[in-house]
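I have placed the structure first, in the form of structure tokens, so that the comments after it can refer back to it.
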Amino acid sequence: MLTDQEREEIEAELPHYPRKQALCIEALKVVQRHRGWVDDEALRDVGGFLEMTEHEVDSVATFYNLIYRRKVGRNVIHLCDSVSCWVMGCDRICEHLKNSLGIEIGETSDDGRFTLLPIPCLGDCDKAPSMMIGRELFSDLTPEKVDEILRSRK
Ligand code: FES
């Protein structure tokens with residue numbers, strides 16, 4: 001069941017949308033903000049509130065790559081793997097991240113600090129390679145810069 005707080009935050013968005021179902025992504029973001037990720041129960045909760053089936057909500061959740069359908073670490077690294085970042089060496093950054101964290105793409109470090117995921121273009125192509133953690137964008141990445149960013153995260 002949605003908590004009162006979740007319900008309140010979702011309802012606050014209602015006036016901005018033509019119909020309840022159009023709120024789906026916002027509702028999923030609210031639930032994820034509170035629970036860390038969107039499990040099957042959360043899907044049902046959102047579906048119940050928006051009068052959508054679990055399958056319909058899941059279709060939205062799996063389409064939108066900032067909604068996590070599996071448990072993630074405290075910091076989710078979205079490393080851009082689109083063309084400008086690829087040309088500018090995102091493969092090297094990816095290898096560095098994987099080696100530093102001891103994980104592969106799609107995995108979470110043992111200490112639960114980091115999850116590493118790919119993402120299409122972040123709109124930061126002129127400063128490639130780029131990655132995002134939470135709402136923060138990191139540009140012109142080098143292995144040294146990545147080390148510094150990783151150290152700064154709890
Ligand atoms: S291609 Fe990576 S930010 Fe655009």
Open item on the list: Can you divide the C-alpha Rg of the chain by 2.2 N^0.38 Å and report the result to two decimal places?
Closed with: 1.15
TODO: Give the carbon-plus-sulfur fraction of the accessible surface of the stretch 75-152 in %, rounded to a whole number; probe 1.4 Å, heavy atoms of protein chains only.
DONE: 51
Open item on the list: Ranking request for peptides 127-134, 21-28, 68-75: highest mean number of other beta-carbon atoms within 10 Å first, then the rest in descending order.
Closed with: 127-134, 21-28, 68-75
- [ ] Report the extension gain between E148 and Q5 in nm, rounded to one decimal, defined as 0.36 nm multiplied by the number of residues separating them, less their alpha carbon distance.
- [x] 47.9 nm
Open item on the list: I'd like the antiparallel share, as a percent to the nearest 5, of DSSP beta bridges with both residues in the stretch 1-142.
Closed with: 55
- [ ] Provide the solvent-accessible area of C90, counting protein heavy atoms only and rolling a 1.4 Å probe, rounded to the nearest 10 Å².
- [x] 10
Task: Cα principal axis extents for the stretch 4-63, largest first, Å - done: 26, 21, 18
Task: the stretch 4-63 - accessible surface per residue (Å², probe 1.4 Å) - done: 58
- [ ] May I ask you to list the GluC sites (Glu not before Pro) in the stretch 31-105 that are in a DSSP loop and have at most 10 other Cβ atoms within 10 Å of their Cβ?
- [x] E51, E104
- [ ] May I ask you to rank T115, T62 by accessible area, largest first, using a 1.4 Å probe over the protein chains only?
- [x] T62, T115
- [ ] Under a cut-off of 19 Å between alpha-carbon atoms, report the lysines in cross-link reach of K20, not counting same-chain residues fewer than 8 places apart.
- [x] K29
TODO: Give me the lysines in straight-line cross-link reach of K98: C-alpha distance below 17 Å, same-chain residues under 8 apart excluded.
DONE: K145
TODO: Once you have the Cα-Cα distance between E104 and R33, take 0.36 nm times their residue separation minus that, and quote the gain in nm to one decimal.
DONE: 23.1 nm
Task: Per residue value of the accessible surface for the stretch 94-154 (all protein chains in place, 1.4 Å probe), Å² - done: 56
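The values are calculated or read from the model by the stated rules, or taken from the named source; none is laboratory data. Keep in mind the model is a prediction, meaning the values are calculated, not measured. Every residue, glycine among them, receives a Cβ derived from its backbone with ideal geometry; neighbour counts consider all protein chains shown. Side chains included, ligands, DNA and RNA excluded: accessible areas come from the protein's heavy atoms. Shrake-Rupley method; radii C 1.70, N 1.55, O 1.52, S 1.80 Å.
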